[in-house]
Amino acid sequence: MQRAGAIAIAVMILATGTVHAQHAQDEPPPTNLWFLRAGYSPGVVLAASPFVSGDNGARAMTVEVGRQTDGTRDWHRVYNYPSYGVGFYAGRFNHERELGHPFGAYGFFSWPFPISDRVHVTTDFGLGVTWHWNEFDPKTNPTNTTLGSDAAYHIDWGLYLRYLASQRASVFAGLNVMHWSNGGTKRPNLGLAAVGPKVGVRYNLAPQVALPRARPEDLPRFDPSWEFVAGGAGSPQNGTTAFNATAGLQRHFYRFGKVAAGADVTRDGQLALGVYGGYEHVIARFSVLAQFGRTVWREFEDPDVPRFYQRYGTRFYFSDHLWGTFAVRTVRLRKARFTEFGLGYRARWN
């Protein structure tokens with residue numbers, strides 16, 4: 001019954017959009033660029049916890065409010081007129097007794113790659129927080145070693161094929177990956193992920209015309225540059241506080257990317273010095289980074305903590321010099337040690 005109702009609503013939205021599109025062909029560009037989007041994803045849970053209730057099935061509903069870019073800024077054209085907004089998540093797991101019924105809120109960015117006038121490939125990225133998890137408890141919930149807290153950060157990535165049915169409505173389908181972790185703020189914290197297909201529909205509040213890719217001569221000029229960055233970050237870590245200071249040299253070598261090399265000083269149960277290299281993917285003022293490092297010195301040897309470490313996270317540039325960061329420091333590629341909330345400074349020259 002629920003599936004039939006969803007199909008009926010989607011058909012009504014598409015039909016309504018077609019009617020409005022016929023009347024909007026000769027009208028000026030819309031001033032209302034907002035849209036609503038809803039999606040459903042049945043997935044499979046990937047976790048290292050020895051769950052005992054149910055199987056690995058999972059279901060997620062998302063409802064989003066977004067804004068379509070219109071080309072009035074340079075970065076709109078650079079990224080093929082992307083969209084962005086905020087979303088709300090509700091999850092259900094067959095491991096209900098251990099995991100509970102989480103809810104979440106996040107921001108998202110949708111980057112399109114037009115194939116034709118009506119068909120786009122899009123890659124979406126979302127980052128936010130979730131709550132209402134059934135956290136680990138040695139007596140009442142001992143098998144949920146994925147999350148030691150009732151709140152966790154939320155990462156959402158998708159690759160979709162989007163069909164523009166009209167100037168008001170479109171449908172999309174593809175692969176969706178979600179990940180949850182508390183970043184080591186409370187243990188145990190082995191992390192949790194769900195992978196599966198996702199289908200959805202988008203409804204524009206006013207008729208919108210799909211814009212083609214910008215021509216190279218219409219894009220702003222890009223000049224490679226060098227950057228020096230320095231900053232500090234820290235967070236609670238299972239009852240204590242972890243702190244990290246970093247400094248590095250970066251090369252903004254093409255429009256969408258930077259490579260970096262630098263050094264870390266970390267206080268994470270002990271004092272340690274590390275060196276790292278990595279890549280930063282640029283999306284206007286926002287960027288996503290992945291860095292890989294090795295501890296070259298620490299106060300004492302700990303066989304349970306590998307010297308090889310990783311940092312996955314984001315940066316937001318408030319200005320040409322000041323940036324903020326949210327990242328997770330991990331070992332063994334996936335085991336979170338602590339979360340980094342911090343600020344930094346950038347100096348840049350061509």
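The numbers here are math on the coordinates, done by the rules we state, and not lab data. Because the structure is predicted, anything quoted here is derived from the model rather than measured. FYI the Cβ positions are ideal-geometry reconstructions off the backbone, even for glycines, and counts take in every protein chain you see.
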### Query
Considering amide H positions built from the backbone, and no H for Pro or chain starts, which residues 5 or more places from Ile283, or on another chain, come under 5 Å of its amide H?
Val288
#### Entry: Residues Trp226 and Tyr254, FRET efficiency given R0 of 22 Å [Cβ-Cβ distance, rounded to 0.05]
0.95
### Task
Would you kindly derive the ³J(HN,Hα) couplings of region 248-254 from the backbone phi angles with the Karplus curve 6.51 cos²θ - 1.76 cosθ + 1.60 (θ = phi - 60°), listing them in order in whole Hz, with x for Gly and Pro?
x, 10, 10, 10, 7, 8, 8
### Query
Non-local amide H neighbours of Ala165 (under 5 Å, H modeled in plane, Pro and chain starts lacking H): which ones?
Ser170, Val171
### Summary
Checked against the structure, the computed mean projected area of the Cα convex hull in nm² among (i) 19.5; (ii) 17.8; (iii) 30.9 is the one labelled (i)
### Message
Taking 8 Å as the Cα distance limit and 6 or more residues as the minimum spacing, I'd like the relative contact order of the chain as a percentage.
### Response
13
#### Entry: region 222-349, relative contact order in percent, only Cα pairs under 8 angstrom and at least six apart counted
24
### Query
Pairing the Cα long axis of helix 2-23 with the longest principal axis of the chain, what angle in degrees results, from 0 to 90 and rounded to the nearest 10?
60
### Task
Using amide H atoms built 1.01 Å from N in the peptide plane, name the residues 5+ places from Lys186, or on other chains, whose amide H lies under 5 Å from its own.
Asn238
### Message
Apply the Karplus curve 6.51 cos²θ - 1.76 cosθ + 1.60, θ = phi - 60°, to the phi angles in region 80-93 and return the couplings in whole Hz, x for Gly and Pro.
### Response
6, 6, x, 10, 8, x, 10, x, 10, 10, 9, x, 9, 10
### Task
In whole Hz, with x marking every Gly and Pro, tabulate ³J(HN,Hα) for region 302-312 from phi via Karplus 6.51 cos²θ - 1.76 cosθ + 1.60, θ = phi - 60°.
10, x, 7, 10, x, 6, 7, 9, 9, 9, 10
### Task
Would you tally the net charge around Ile115, using a Cβ to Cβ cut-off of less than 12 Å, leaving Ile115 out, and scoring K and R as +1, D and E as -1?
+2
#### Entry: Sum of side-chain charges, Phe103 neighbourhood, beta-carbon under 12 Å (Lys, Arg +1; Asp, Glu -1)
0
## Note on the structure
Here FRET efficiency (C-beta to C-beta, Val86 to Val195, R₀ 35 Å, nearest 0.05) is 0.90
